[in-house]
Amino acid sequence: MSHLPLVDRFGRVATDLRLSVTDVCNLRCTYCLPEVVDGWLPRAEVLDREELVRLARIGTRTLGIEKIRLTGGEPLTRPDLVEIVADLHRALPEVELALTTNGLGLARKAGALREAGLSRVNVSLDTVDRHTYAQITRRGRLDEVLEGLSAAVAAGLTPVKVNCVPTRGINDDGLLDLVDHCVETGCELRFIEQMPIGAPRDWARENLVTAQEVRAQVATRYELREVPARGAAPAELFDLWRDGEQMGRIGTIASVTEPFCGSCDRTRISADGQLRSCLFSQDETDLRGLLRGGADDEQIARAWLGTMAAKPRAHGSDAGGFGEDFVQPERPMNAIGG
Ligand code: SAM
């Protein structure tokens, strides 16, 4: 089969694969998971290393995927994560491999992940305030995350990016402290608007802190100079300046107030091998069934192409938006792969 791009009805081409390796998470962030989780996927339903590599190979060699980001659940809860990275890198050395993690356990694994072939890491951290961190994650363990961040920088998994979801009345009074921490440690902070996905079904627009509000807050301490946009990257980037010196960089991702679906270049596979063309898709294609049912690479590639061709215009539907007619997907964020 010749090289075929994952192009959809609107001319968008997917080159960025979000590959989930587990649905298990060791935190219970209030905007993502319930306090008590109703069971995880049985291990037999989760893609094994060989299956992950096979899908990654089809995606890159046949369908034009250029970047793979491992996600979950919490990828570091998977004991063979370093081996997964090593296998992917060995099979596809030309592909950029990144990881999204909550940082727990990263201090121990950062060096090994780098050696195995990981290029970059995003660490989710909504606050550097101990009390607020425990309140959001329902667990605590902030020190471990901060150690993980430093270890990632030391291992050269750079630029280390920090993902923060600001929520009104919860962590919005600590955003400047988080910016300062990232400036001091040389990490790039990304503020992501909270989306209507995840366990709580009571998402309300009023609770999200908009990208615009965040920038206004950061501007009280730093001068923001916009960095020209690059490709399909959803973040608007700003260099931070103070007293004539560049201190660092932040990004704002306005997924709700300024959606970027028109330039979306993502394709997603859940830990149990279900292909989704959009985070908010209502439909999935069972690639694991094809893999385990003996399908050849071409059949799998054709199923992938068909699913992506039908990618909805925006936010899981052709109507788009998060208005009255928006339907939240049944699958929680941890089971899709954020
Ligand atoms: N466990 C890993 C982590 O914490 O980064 C990977 C999975 S987590 C679902 C990926 C990202 O999704 C995290 O940065 C998290 O903050 C973000 N996230 C979860 N629920 C969200 C929501 N409702 N809106 C926006 N971002 C969300």
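Derivation of every value follows stated rules applied to the coordinates shown; laboratory data play no part. Small disclaimer: the values here were computed from a predicted structure and weren't measured. No Cβ is skipped: glycine too gets one built from the backbone with ideal geometry, and neighbour counts run over all protein chains shown.
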Checklist entry - List the trypsin sites (Lys or Arg not before Pro) in region 7-96 that DSSP assigns to loop (not H, G, I, E or B) and whose Cβ has at most 15 other Cβ atoms within 10 Å. Which are they? => result Arg9
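Counting GluC sites (Glu not before Pro) as exposed when in a DSSP loop with at most 10 other beta carbons within 10 Å, what is the longest stretch of the chain free of them?
With a cap of 10 other Cβ atoms within 10 Å, the longest stretch comes to 95-323.
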Checklist entry - Binning every alpha carbon pair distance of region 74-127 at 5 Å from zero, what are the percents per bin? => result 4, 21, 33, 24, 11, 5, 1, 0
Next on the checklist: Tell me which cysteines of the chain come out unpaired when the rule is another cysteine's Cβ under 4.7 Å.
Outcome noted: Cys25, Cys164, Cys261, Cys264, Cys278
Next on the checklist: Can you tell me how region 130-270 classifies by the Cα gyration tensor, rounded, prolate or oblate, using a/c under 1.5 as the rounded cut?
Outcome noted: rounded
Checklist entry - Which semi-axes, in whole Å and largest first, does the equivalent ellipsoid of region 21-68 have when worked out from the alpha carbon gyration tensor as the square roots of 5 times its eigenvalues? => result 29, 15, 7
Next on the checklist: Give the aspartates and glutamates whose C-alpha is closer than 12 Å to that of Lys161, dropping any in the same chain fewer than 8 places away, or say none.
Outcome noted: Glu188
Next on the checklist: Springs between alpha-carbon pairs under 10 angstrom, Gaussian network model over the chain: which of Val24, Val37, Val53 fluctuates most?
Outcome noted: Val37
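Note the direction-averaged projected area, equal to a quarter of the hull surface, for the Cα convex hull of the chain, in nm². Before the final figure, lay out the partial values.
On the way: hull surface 65.2 nm².
Across all orientations, the chain yields a mean hull projection of 16.3 nm².
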Checklist outcome for this item: As a Kirkwood estimate from alpha-carbon pairs, region 50-209 has a hydrodynamic radius in angstrom of 16.7
